[in-house]
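To start, the structure under review is shown below, and the notes come after it.
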Amino acid sequence: MHFEVVTVVPETVEGYLGASILGRAAEAGTVSFGVTPMRDFGEGKHRQVDDSPYGGGSGMVMKPGPVVDAIEAARAAAPAGERVRVLLMSPAGTPFDRAVAGRLAADCDRLVLVCGRYEGIDARVEDHVDELVSVGDFVLTGGELAALVVVDAVSRLVPGVLGNDASAAEESFEGPLLEYPQYTRPRNFRGHAVPDILLSGDHAKVDRWRLDQAVRRTIERRPDLLGDRATLPEEISELLETLDSAPNSK
Ligand code: JF5
């Protein structure tokens with residue numbers, strides 16, 4: 001899968017994309033990253049990419065020409081037959097979540113992520129993208145951090161990127177639940193011991209404890225994730241019933 005970030009500040013995304021797990025996944029060839037510098041499509045000898053808003057008001061608005069030219073260049077770079085999707089990062093977009101990430105990973109070979117800056121982008125750019133995507137109900141100074149959130153969450157769903165097939169499988173098993181609590185050495189940290197069951201060597205018991213913990217944590221911290229109980233896996237809905245009469249002791 002290829003990710004192409006269209007931005008006026010390429011240096012802000014290059015560092016992150018080259019680093020850590022994503023950088024290693026790119027070296028391994030499972031994913032690839034590119035950056036399209038929007039300034040290359042700027043107008044006039046100053047390579048202008050923004051201008052003052054029609055109707056007045058403060059700040060600058062990104063000009064449609066450079067943004068759409070950059071989008072078209074990013075589209076044109078796709079090999080024939082590739083399924084390309086162009087996303088415009090915006091607080092007004094479709095809320096990005098695990099389901100959206102999964103759909104993008106499954107349905108696309110190339111994601112083009114368009115980053116706005118300044119006070120906004122000319123509204124006519126929306127006609128040249130497939131979808132507006134929001135990573136949360138807040139306003140960023142630019143779309144770059146939002147684009148990196150999407151690149152990171154989608155690329156770790158591409159087979160082979162995690163570098164650890166077991167943790168991918170475990171996560172999909174957890175389904176709508178928060179993660180169970182993890183522990184490592186020391187066995188006692190500032191008076192708090194690791195739960196004995198994790199040292200028991202009884203893998204079936206450990207698995208059951210972890211599922212129980214995941215369900216408890218989800219009820220306490222993010223009950224909204226559980227949604228309609230009728231649609232939950234039986235293993236989880238049964239646990240929920242027993243927990244209704246036995247709240248977490250902490
Ligand atoms: C942006 C106008 C784009 O702020 C965001 C954003 C927040 N959630 N998802 C994306 O993108 C940058 C700001 C203002 C257009």
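The values are calculated or read from the model by the stated rules, or taken from the named source; none is laboratory data. Remember, predicted model here, so these are calculated numbers, not experimental data. Note: ideal-geometry Cβ built from the backbone for every residue, glycine included; neighbour counts use all protein chains shown. The area values use the complete protein model at the heavy-atom level, side chains included, leaving out ligands, DNA and RNA. Shrake-Rupley method; radii C 1.70, N 1.55, O 1.52, S 1.80 Å.
Worth pointing out:
- Within region 12-44, being within 18 Å of ASP109 (Cα to Cα), buried (at least 19 other Cβ atoms within 10 Å of the Cβ) and of a type outside the set (A, V, I, L, M, F, W, C) holds for one residue alone: THR36.
- Test: residue in region 157-165 that is at pLDDT 95 or above, in a loop (DSSP other than H, G, I, E, B) and not polar (S, T, N, Q): no
- Residue within region 78-91 that is farther than 20 Å from GLU144 by Cβ, of a type outside the set (A, V, I, L, M) and open to solvent by less than 30 Å² (accessible area, probe 1.4 Å) present: no
- Subset of region 92-140 (residues that are assigned to a loop (DSSP other than H, G, I, E, B), near the ligand (Cβ under 10 Å from one of its atoms), β-branched (Val, Ile, Thr) and open to solvent by less than 60 Å² (accessible area, probe 1.4 Å)): VAL135
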